[in-house]
There are 2 protein chains.
Amino acid sequence: MNNRLVTFLPAGVQVEVEPGTDLLTAAGKANIEIKAPCGGDGTCGKCAVRIKSGNVKARRDSHLATRIAEKGLNLACQTLVQDEDLVVEIPNTSSMSKHQVLGENASVGAGVSDALSNYLLHVWQLKELLLEKQESPLNGYPLNPLCRRVRLTLPVANLQDNRDDLNRLTMALKKEINCKDIHVPLSIIQKLGEILRVDQFKVTVLLSEVGGKVEIIAVEPGHGHQPLYGIAVDIGTTTVVAYLLDLEKGRVIDTAGTHNRQARFGDDVISRIVYAVEEPDGLNTVHQSIIGTINTLIMDLLVKQRHIRETDIHVMMTAGNTTMAHLFLGINPKFIRLEPYIPTANFYPVVKAQELGLKINPDALVFSYASVASYVGGDIVSGTLFTAMGNEDAPISLLIDIGTNGEMVLGAGDWLVTCSCSAGPAFEGSGILFGMRAMHGAIERMQIDPQTYEVAYTTINNGKAVGICGSGLIDCLAKLKSTGVIDRAGKFQTSLPTERMRIGETGPEFVLVWREDTDINRDIVICEADVKNLLRAKGAVFAGIRTLLNVVGFELESIENIYVAGGFGNYLNIPDAIAIGLLPDIPVEKYKYVGNTSAKGACMALLSQEAWQEANNLAGKMTYIELSVGNLFMDEFVSSLFIPHTDLTLFPNVSI
Amino acid sequence: MNNRLVTFLPAGVQVEVEPGTDLLTAAGKANIEIKAPCGGDGTCGKCAVRIKSGNVKARRDSHLATRIAEKGLNLACQTLVQDEDLVVEIPNTSSMSKHQVLGENASVGAGVSDALSNYLLHVWQLKELLLEKQESPLNGYPLNPLCRRVRLTLPVANLQDNRDDLNRLTMALKKEINCKDIHVPLSIIQKLGEILRVDQFKVTVLLSEVGGKVEIIAVEPGHGHQPLYGIAVDIGTTTVVAYLLDLEKGRVIDTAGTHNRQARFGDDVISRIVYAVEEPDGLNTVHQSIIGTINTLIMDLLVKQRHIRETDIHVMMTAGNTTMAHLFLGINPKFIRLEPYIPTANFYPVVKAQELGLKINPDALVFSYASVASYVGGDIVSGTLFTAMGNEDAPISLLIDIGTNGEMVLGAGDWLVTCSCSAGPAFEGSGILFGMRAMHGAIERMQIDPQTYEVAYTTINNGKAVGICGSGLIDCLAKLKSTGVIDRAGKFQTSLPTERMRIGETGPEFVLVWREDTDINRDIVICEADVKNLLRAKGAVFAGIRTLLNVVGFELESIENIYVAGGFGNYLNIPDAIAIGLLPDIPVEKYKYVGNTSAKGACMALLSQEAWQEANNLAGKMTYIELSVGNLFMDEFVSSLFIPHTDLTLFPNVSI
């Protein structure tokens, strides 16, 4: 059969696909990203599009599809191209937008009405921190980058000294840097003869020296002085951020961020694994998707810095969770998801850029942060390095990163225990009626008047409200409880004297924003099921903390520092988070926002061999606690499903 | 412009080329090999073809082209495709033939009328030696192959023992084989999870353990018992021979030989280097040419052994001269040819099959024999290993390999000196009016009646004479001298009472075979210029031997063994070679034919880590004597341009 042409509006991008292809896949082929948190299962309803012309067919009937159809829309994932060309409009609410990076002069958030705005705000702040405030990305480690330059003047060959070129080079190098084991890749040997003779046996060798082994990355003629570049990449499940570093000056030159193109295979790591394992060529597709994402970022950075060639970037460091690391390297992630949850690898081989198709020097070395277990990845190890929790004199500290999973590390110097609790993606807006990620129009702060039950709120970018994001949900839960809208178990007090309290389709609900004040032409409400989901999420996190403490025999009060990491962190209202029992009731001054520690740790490791070595030490020394073994976690979890907790003595400063 | 179709007869192979392409290049594209010792310069006249239909154009006029044209032929290298399709016939005399390998039941030489017959005879004898006579290819070294198999039963993963798969594997391996440094390639890690679980964590690991480092080549499910295969390849400038080995049984399973497809870029290494350096994409073309040659041999071996898959071959060892090693690995050979004659590398990296496009297990390791200098390569090191000259108790021995260059090694245990003398390709038939390689119809033995000057001779395969090959030329020179046809300086005695002595186009000449007894319809003669060329060739070899002895302060009589290597060796008449002053005048029983020591040494190194280690030791310990430095060699050379020598005391047993 002949292919059909699908035109996506408003971008006007066209793609040819076979009849029978669904529109989500077609959009993916066109590099247009449509929201699909469920991974194309037809269950989340976020991928609604409008067919402007041409006939289509539904994959199957469903209540959701019918509801969507009433609005004149179709679920992209369930709508199949037939025998006609199509014109398809993607509403703003379904679009993840093209990648968009804040330029030097862009005003933060102005007009950035997309999923990235908040995250990019965050990147921007980090950038400001690193660039304008001149904070060193080394964070105390010595500058000793993973790729360095050695300038050599070799003895000129003649009939008396007729050693071969390779020997001439390695002998001189051994003398210069005092090493034994030097590996020169074939691709460099192939052209070594010419290179040595361009500038009369004066050459610059770029090399990486890790664990006593020297790997040659490039040999260049003469004694050049151009900067030496590396790239650090934080591979998040949602967002990927790259940092261009000057390795010799030890500073960040620029950053670029975009969303992970894998998003079209689902929002969470499980959906990605399922796609990789179950679809034909799925692993390669998901793998190429993240490689493509990173290559786009590299091009972004280079386009901004026009004098840098791709091949001038000689080393890359990545940090991401265990699934991201597997997919980045093309390692089958199948067993991460199946009990007993075994990753194929926790320590990853150093590979060459060309093995992965990364668009930098093909011989560049690509390092990946080691993981600890299937659900405690290199991003957490990177964060642990950044916080210095593993340093000899470190007090007892807790690092906590709340996303789809709540990962945490508890420790002090010698010992570090870690776990991951399946908090669920409630704080990311998933499973919440009007939940959403932190983007334009999301409610992020909220007050409820204890007398009138009127709601005051602020939204991201001050846009008209379209939903409520994580920090807003925590505020909301705290305020619902403190004003008595819900009780300690999350049950709604339906008798409240306000029309905001009503019985909706799913039971009791509380109206947060009236229809006329929204941008979605519907009342924004929170319902009892939402509250239950939030309680489970916050309960899992707190139970995780309690379990770790229990394993090592400490109490909440022993914790000297709590590091709150991740994009979510900076927007979290700590007192509210304590009030609902998400975070421990210890003095607020012991809490520290540490931001995107995964990215910061990646930069550190790239700039300092000592940091990289310590990162590997940390990964090796962290003890992983599998919460599904034994009853400890489950008991703690059940006790944590109240606000703030069943055991009120754990929250002495929270008023009930 | 549109491409034109060229049909080559008798094979009927067709190829499309652009107008302006020469027929030698067109034939190359069609994988048809035409002789071109001059590398397509239009100077050797060996590539004559017959245009059956279509119009062509000569690149330029030349006397040679005119002479060829008189016979109704065109030089393929000088004949350009025009605007018509062509039919081109390749005469037998210009064809190198398709590769042709003696099968198990083929009778040697029967009907094998091509350049390979003699060489293949040689391969056949080696094969007989190895297969039928059960001679061990190990030659005294222990069986300890470069790829071996370790069977592991790993602890099954569960919630209590949730180490990652890679760690589980490497820990078990370290315990089993007591090693520290294990490298697992990414391609294996990518699918490791599935592999471990096919047979409940029972796996077979194929690995190479060299110099304390372990490289994993494959991980296979279960504890299989299929044979473990490797391939040893002798990369000759003219001929390439591959040996399929059972690594665990330590035996050769089969061999296959073919000519080196690079021949179309010229007969000798210099032509190949010139092509690689000066033609657009030349290096890659010449590189791919040898890779293609080897892949053809691999397929040959595998087709014969139908149950073996390409991917079942896990390791390869190659030995060849320095230029061949460079071209095999795609290393620019430019500086081998230019003073001070520096190879890019003497010790080559171990690479993966996939880096070179070799059609075996992509992760298979490919080892290359180390060279000593630009003109003393891995083939000589391999031969030195085979002769055991470097062993502690070895007597003073000389290894000599006469081809285009005469390479030789002199030594005893601790010390080894080596050199290469530009003997020129006279013994390969080049530069000799009726010279030819050892192929069908070549005169290989000769007697001249001292009274009548009648000539008795034998030819290869007893075919009608077409020319004279190396062993025939040595016989010829010795007999010309002993019968007084020439004097000690190589000057013809034109007054001899025989019509065989006459003045030809180039001066005095002696008829070896009358026209009616030949297969070429011309008298086969030897002329004074031929004799001069032969004297220079033999003189260079002998001068090389004397120079080496001089360097270490020994006399000819000190030599206890002379190993004569190479395809040439077995057919050499030693007394005649001594009589003309090519080889030293020491007792004939001290001479030993050792055959293709390059191939034999390659098999040894593949089957024994100890042999491989010793090969590398040898390459490191051999002292290369550059003959162009100082006057020593030149003085010796000038003294050697007589029969047998200026200094007759060096040849006490040769009657003048």
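The values are calculated or read from the model by the stated rules, or taken from the named source; none is laboratory data. Source: prediction; values computed, not measured. Note that each Cβ is placed from the backbone with ideal geometry, even for glycine, and that neighbours are counted across all protein chains shown. Surface areas here come from the heavy atoms of the whole protein model, side chains and all, with no ligands, DNA or RNA. Shrake-Rupley method; radii C 1.70, N 1.55, O 1.52, S 1.80 Å.
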Mind checking which pairs have a first residue in region A:5-22 that is in contact (Cβ under 8 Å) with a residue 24 or more places away in the chain and within 10 Å of A:V81 (Cβ to Cβ) and a second that is of a type in the set (S, T, N, Q) and part of a strand (DSSP E or B), Cβ under 8 Å, 6 or more apart or different chains?
-> A:L5/A:Q14; A:V6/A:Q14; A:D22/A:T79
Matching residues, region B:215-230, being within 14 Å of chain A (Cβ to nearest Cβ) and of a type in the set (V, I, T) = B:I216, B:V219
Go through (1) at pLDDT 95 or above; (2) surrounded by 20 or more Cβ atoms within 10 Å (Cβ to Cβ) one by one and return the number of the condition A:L302 breaks.
-> (1)
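Given the options B:I402, B:I396, name the one that is in contact with a strand residue (DSSP E or B) (Cβ under 6 Å, 6 or more places away or on another chain) and of a type in the set (V, I, T).
Numbers: B:I402 fails: in contact with a strand residue (DSSP E or B) (Cβ under 6 Å, 6 or more places away or on another chain).
Checking each option against the conditions leaves just B:I396.
Hey, which of the strands (runs of 3 or more DSSP E) in region A:179-298, taking only ones fully inside, have at least 3 residues that are touching a helix residue (DSSP H, G or I) at 6+ places or on another chain (Cβ under 9 Å) and not polar (S, T, N, Q)?
Working: elements: A:181-183, A:202-210, A:213-221, A:229-235, A:239-246, A:251-259.
It comes to A:202-210, A:213-221, A:229-235, A:239-246, A:251-259.
Which of the residues spanning region A:378-388 are more than 19 Å from the chain's Cα centre (by Cα) and buried (at least 24 other Cβ atoms within 10 Å of the Cβ)?
Restricting attention to region A:378-388, the residues satisfying the condition of being more than 19 Å from the chain's Cα centre (by Cα) are A:388.
Matches in region A:378-388: none.
Against the condition surrounded by 24 or more Cβ atoms within 10 Å (Cβ to Cβ) and over 23 Å from A:T384 (Cα atoms), how does A:V286 come out, does it pass? Quick ask: steps written out before the conclusion?
Numbers: surrounded by 24 or more Cβ atoms within 10 Å (Cβ to Cβ): yes; over 23 Å from A:T384 (Cα atoms): yes.
When the stated conditions are applied, A:V286 passes them.
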Filtering region A:154-203 for residues that are farther than 12 Å from B:I342 by Cα, open to solvent by 20 Å² or more (accessible area, probe 1.4 Å) and at the interface with chain B (Cβ under 7 Å from one of its Cβ atoms) leaves a count of 2
Residue check for A:D401: of a type in the set (D, E, K, R), closer than 21 Å to A:V286 by Cα and not assigned by TED's automatic domain parsing to the domain that holds A:Q288 = no
Taking only pairs six or more apart or across chains, which ones have beta-carbon atoms under 7 Å, a first residue in region B:30-54 that is polar (S, T, N, Q), and a second residue that is open to solvent by 20 Å² or more (accessible area, probe 1.4 Å)?
-> B:T43/B:L64; B:S53/B:V87
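What number of residues within region A:619-656 are of a type in the set (A, V, I, L, M) and touching a Leu at 6+ places or on another chain (Cβ under 6 Å)? Give the derivation first.
Looking only at region A:619-656, we keep the residues that are of a type in the set (A, V, I, L, M), and these are A:619, A:622, A:625, A:627, A:629, A:632, A:634, A:638, A:641, A:643, A:648, A:650, A:654, A:656.
Checking the rest, the ones that are also touching a Leu at 6+ places or on another chain (Cβ under 6 Å) come to A:622, A:629, A:641.
Selection size over region A:619-656: 3.
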Which of the residues belonging to region B:442-465 are outside any strand (DSSP E or B) and touching a Lys or Arg at 6+ places or on another chain (Cβ under 6 Å)?
-> B:Y453
May I ask you to list the residues in region A:60-93 that are touching a helix residue (DSSP H, G or I) at 6+ places or on another chain (Cβ under 9 Å), surrounded by 15 or more Cβ atoms within 10 Å (Cβ to Cβ) and under 18 Å from A:T21 (Cβ atoms)?
-> A:A65, A:N74, A:L75, A:A76, A:C77, A:Q78, A:T79, A:L80, A:V81, A:L86, A:V88, A:I90
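Specify which of the listed residues (B:I460, B:I524) is in contact with a Gly (Cβ under 9 Å, 6 or more places away or on another chain), assigned by TED's automatic domain parsing to the domain that holds B:L433 and surrounded by fewer than 24 Cβ atoms within 10 Å (Cβ to Cβ).
Working: B:I460 fails: surrounded by fewer than 24 Cβ atoms within 10 Å (Cβ to Cβ).
Step by step, each of B:I460, B:I524 is checked, and only B:I524 is in contact with a Gly (Cβ under 9 Å, 6 or more places away or on another chain), assigned by TED's automatic domain parsing to the domain that holds B:L433 and surrounded by fewer than 24 Cβ atoms within 10 Å (Cβ to Cβ).
Looking at A:Y375, is it surrounded by fewer than 24 Cβ atoms within 10 Å (Cβ to Cβ) and either farther than 30 Å from A:C147 by Cα or within 14 Å of chain B (Cβ to nearest Cβ) (or both)?
Numbers: surrounded by fewer than 24 Cβ atoms within 10 Å (Cβ to Cβ): no; either farther than 30 Å from A:C147 by Cα or within 14 Å of chain B (Cβ to nearest Cβ) (or both): yes.
Spelling it out, it is not the case that A:Y375 is surrounded by fewer than 24 Cβ atoms within 10 Å (Cβ to Cβ) and either farther than 30 Å from A:C147 by Cα or within 14 Å of chain B (Cβ to nearest Cβ) (or both).
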B:L410, sole failed condition from (1) at pLDDT below 95; (2) closer than 25 Å to B:G544 by Cβ; (3) open to solvent by less than 10 Å² (accessible area, probe 1.4 Å) = (1)
In region A:337-353, is there at least one residue being in contact with a helix residue (DSSP H, G or I) (Cβ under 9 Å, 6 or more places away or on another chain) and more than 14 Å from chain B (Cβ to nearest Cβ)?
-> no
State whether the residues of region A:133-152 include one that is over 35 Å from the mean Cα position of the chain (by Cα) and either in a loop (DSSP other than H, G, I, E, B) or within 14 Å of chain B (Cβ to nearest Cβ) (or both).
-> no
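What is the residue count in region B:503-519 for residues that are open to solvent by less than 80 Å² (accessible area, probe 1.4 Å) and on the phi < 0 side of the Ramachandran plot? So that I can check it myself, show each step before the final result.
First pass over region B:503-519, keeping only residues open to solvent by less than 80 Å² (accessible area, probe 1.4 Å): B:504, B:507-514, B:517-518.
The next check asks that each one be on the phi < 0 side of the Ramachandran plot; those that pass are B:504, B:508-514, B:517-518.
Adding up the residues that qualify gives 10.
Out of all the residues in region A:354-372, which are more than 11 Å from chain B (Cβ to nearest Cβ) and of a type in the set (G, A, S)? Before you say what the answer is, go through the steps one by one.
Looking only at region A:354-372, we keep the residues that are more than 11 Å from chain B (Cβ to nearest Cβ), and these are A:357-365, A:367, A:369.
Scanning region A:354-372 gives A:G357, A:A364.
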What about A:N617, is it closer than 10 Å to A:L385 by Cβ, of a type in the set (S, T, N, Q) and touching a residue at least 12 places away in the same chain (Cβ under 8 Å)?
-> yes
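Only one residue in B:L356, B:L338 is within 18 Å of A:A157 (Cβ to Cβ) and surrounded by fewer than 24 Cβ atoms within 10 Å (Cβ to Cβ). Which one?
Working: B:L356 fails: within 18 Å of A:A157 (Cβ to Cβ).
Testing whether each residue is within 18 Å of A:A157 (Cβ to Cβ) and surrounded by fewer than 24 Cβ atoms within 10 Å (Cβ to Cβ) leaves just B:L338.
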